[in-house]
Amino acid sequence: MSKEEHKENSGKSGRSFKNTTEEGKAGEQLVANYLIAKGFTIIERNWKPSPASKLEIDLIATKDMLMIFVEVKTRKGNHSDPIDAVDRRKIVNTSKAADAYLRQQPYMFEYRFDIAGVTDPLSANPKIEYIEDAFMPPFGNR
């Protein structure tokens with residue numbers, strides 16, 4: 001790949017978008033497997049209120065009458081904690097998307113917002129840090 005091609009296909013970190021996307025998908029699959037092992041059913045992946053929406057929920061899962069909205073963050077190496085990437089803006093956007101999703105449901109679920117941090121998702125020894133009930137939706141959301 002030429003320098004120009006690499007530059008066009010790289011994000012701020014200099015890592016290619018392809019690698020970042022592969023890591024993200026691998027991280028989401030690891031977290032989905034983790035939840036399935038805990039008895040949850042994955043009902044949505046990368047859900048958006050509309051195709052053009054910038055709002056997205058990585059995973060939506062249910063168990064009994066509990067619905068969880070999971071934000072998955074992945075990182076390669078020990079450079080930073082992936083969970084630190086969930087800032088106030090991400091919390092607000094995830095809450096808005098969850099509200100849109102819940103309004104489409106035929107009955108009410110108990111719900112919570114979880115965060116999963118995955119380090120080195122493509123390695124032989126990925127690490128998952130999972131935080132249940134990681135945040136409450138900001139005032140004004142459901």
Only unsatisfied item for Tyr101, checking (1) in contact (Cβ under 8 Å) with a residue 12 or more places away in the chain; (2) over 21 Å from Pro51 (Cβ atoms), is (2)
For Ala124, the lone unmet condition from (1) among the hydrophobic types (A, V, I, L, M, F, W, C); (2) assigned to a loop (DSSP other than H, G, I, E, B); (3) in contact with a Lys or Arg (Cβ under 7 Å, 6 or more places away or on another chain) is (3)
query: What about Thr94, is it of a type in the set (Val, Ile, Thr), closer than 19 Å to Ala124 by Cα and either out of contact with any helix residue (DSSP H, G or I) (no Cβ under 9 Å at 6 or more places or on another chain) or without any contact (Cβ under 8 Å) to a residue 12 or more places away in the chain (or both)?
result: no
Taking region 90-128 and keeping only residues that are surrounded by 14 or more Cβ atoms within 10 Å (Cβ to Cβ) and among the acidic types (Asp, Glu), one is left with Asp99, Asp114, Asp120
Review point. Is it the case that region 28-43 has a residue that's within 23 Å of Arg88 (Cα to Cα), surrounded by 16 or more Cβ atoms within 10 Å (Cβ to Cβ), out of contact with any His (no Cβ under 9 Å at 6 or more places or on another chain) and at pLDDT 95 or above?
Key: yes
Considering region 52-86, residues that are under 14 Å from the mean Cα position of the chain (by Cα) and outside any strand (DSSP E or B), and then whichever is nearest to Thr41 (Cα to Cα), we arrive at Glu56
The residue that is surrounded by the most Cβ atoms within 10 Å (Cβ to Cβ), considering only those in region 45-62 that are farther than 14 Å from Glu132 by Cα and touching a Phe, Trp or Tyr at 6+ places or on another chain (Cβ under 8 Å), is Ile57
Check your understanding: When you look at Ile91, is it in contact with a strand residue (DSSP E or B) (Cβ under 7 Å, 6 or more places away or on another chain) and either assigned to a strand (DSSP E or B) or on the phi > 0 side of the Ramachandran plot (or both), yes or no?
Key -> no
Considering region 98-142, residues that are of a type in the set (Lys, Arg) and within 16 Å of the chain's Cα centre (by Cα), and then whichever is farthest from Trp47 (Cα to Cα), we arrive at Lys127
Among residues of region 129-142 being farther than 19 Å from Ile83 by Cα and in contact (Cβ under 8 Å) with a residue 12 or more places away in the chain, the residue surrounded by the most Cβ atoms within 10 Å (Cβ to Cβ) is Asn141
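The values are calculated or read from the model by the stated rules, or taken from the named source; none is laboratory data. Remember, predicted model here, so these are calculated numbers, not experimental data. In this analysis, Cβ positions are derived from the backbone assuming ideal geometry, glycine residues included, and neighbour counts consider all displayed protein chains.
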